[in-house]
Amino acid sequence: MKKAILLCILFASAPLFWSACSKGTPPDETQFVIPDSNISFYKDIEPMLEYKCGFETGCHSSLDTENHLLYGELINKVALMNHRLSSTGERLVNLSIHQKDPQSAPLYLIVKEGYPRSPEDRMPPYLSNRAPLTDNQIEGIKNWIAEGAKD
């Protein structure tokens, strides 16, 4: 009998526990306006990528284990930059090359026009239900790389 009561209490309190631990409703798209300078990965880029590319049901969410770029890499600056494209072997951001020429960084090209094949490799994919990154967000990624990909 005590076990049955304990189970009832546990199941009854589960929704309260879940709502306290979950992230809640997704942020509004307008929250992801990237500044023109002094761009921070963890303040500006990561939250936008997490929401646009990974948040709960995105292609790179924590629930998706089949994508080449996993959720843990998407939200970790070093892992994201060092991620190698399966098609070319290039790193998404190589500062020794891309800081001086951020328009050539695969991360920037992928969200701008598609890379290595345009437009079929553009992210998010045209056929997905995800809105593409805004011009401000795409330029923000380019400027973040140009500034040295700061934390």
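Can you confirm whether the range 60-73 contains a residue that is modelled with pLDDT under 95, in contact with a Leu (Cβ under 7 Å, 6 or more places away or on another chain) and part of a loop (DSSP other than H, G, I, E, B)? Yes: one or more hits. Does N76 satisfy the criteria of being touching a helix residue (DSSP H, G or I) at 6+ places or on another chain (Cβ under 9 Å), surrounded by fewer than 18 Cβ atoms within 10 Å (Cβ to Cβ) and closer than 19 Å to I39 by Cα? Criteria met by N76. For the range 79-92, indicate whether the set of residues that are of a type in the set (S, T, Y) and part of a helix (DSSP H, G or I) is non-empty. No: zero hits.
A quick yes/no check of all residues on (1) more than 26 Å from G148 (Cβ to Cβ); (2) out of contact with any Cys (no Cβ under 8 Å at 6 or more places or on another chain):
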{"residue": "I34", "(1), (2)": "no, yes"}
{"residue": "Y42", "(1), (2)": "no, yes"}
{"residue": "E50", "(1), (2)": "no, yes"}
{"residue": "S62", "(1), (2)": "yes, yes"}
{"residue": "Y108", "(1), (2)": "no, yes"}
{"residue": "M123", "(1), (2)": "no, no"}
{"residue": "N136", "(1), (2)": "no, yes"}
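For the range 93-138, a tally of residues being assigned to a loop (DSSP other than H, G, I, E, B) and not charged (D, E, K, R) returns 20. Per the listing K112, K142, the residue uniquely more than 19 Å from K43 (Cβ to Cβ), crowded, with 20+ Cβ neighbours inside 10 Å and basic (K, R) is K112.
Comparison of G72, G54, G114, G58 shows that the only residue that is within 23 Å of A146 (Cα to Cα) and of a type in the set (G, A, S) is G114.
E120 meets all of the listed conditions (1) of a type in the set (D, E); (2) in contact (Cβ under 8 Å) with a residue 60 or more places away in the chain; (3) exposed (fewer than 13 other Cβ atoms within 10 Å of the Cβ) but one, namely (2).
Which count do you get for residues in the range 123-139 that are surrounded by 16 or more Cβ atoms within 10 Å (Cβ to Cβ) and without any contact (Cβ under 8 Å) to a residue 60 or more places away in the chain? Residues flagged as surrounded by 16 or more Cβ atoms within 10 Å (Cβ to Cβ) and without any contact (Cβ under 8 Å) to a residue 60 or more places away in the chain within the range 123-139 amount to 2.
Remark: pairs (first residue in the range 59-85, acidic (D, E); second residue at pLDDT below 85 and outside any loop (DSSP other than H, G, I, E, B); Cβ separation under 8 Å; 6+ apart in sequence or on different chains) = D64/Y71.
Inside the range 99-151, residues that are small (G, A, S), out of contact with any helix residue (DSSP H, G or I) (no Cβ under 8 Å at 6 or more places or on another chain) and modelled with pLDDT of 90 or more make up a count of 1.
The values are calculated or read from the model by the stated rules, or taken from the named source; none is laboratory data. Treat the numbers as computed from the prediction; the structure is a model and nothing was measured. Neighbour counts are summed over all protein chains in view; Cβ atoms, including those assigned to glycine, are modelled from backbone coordinates with ideal geometry.
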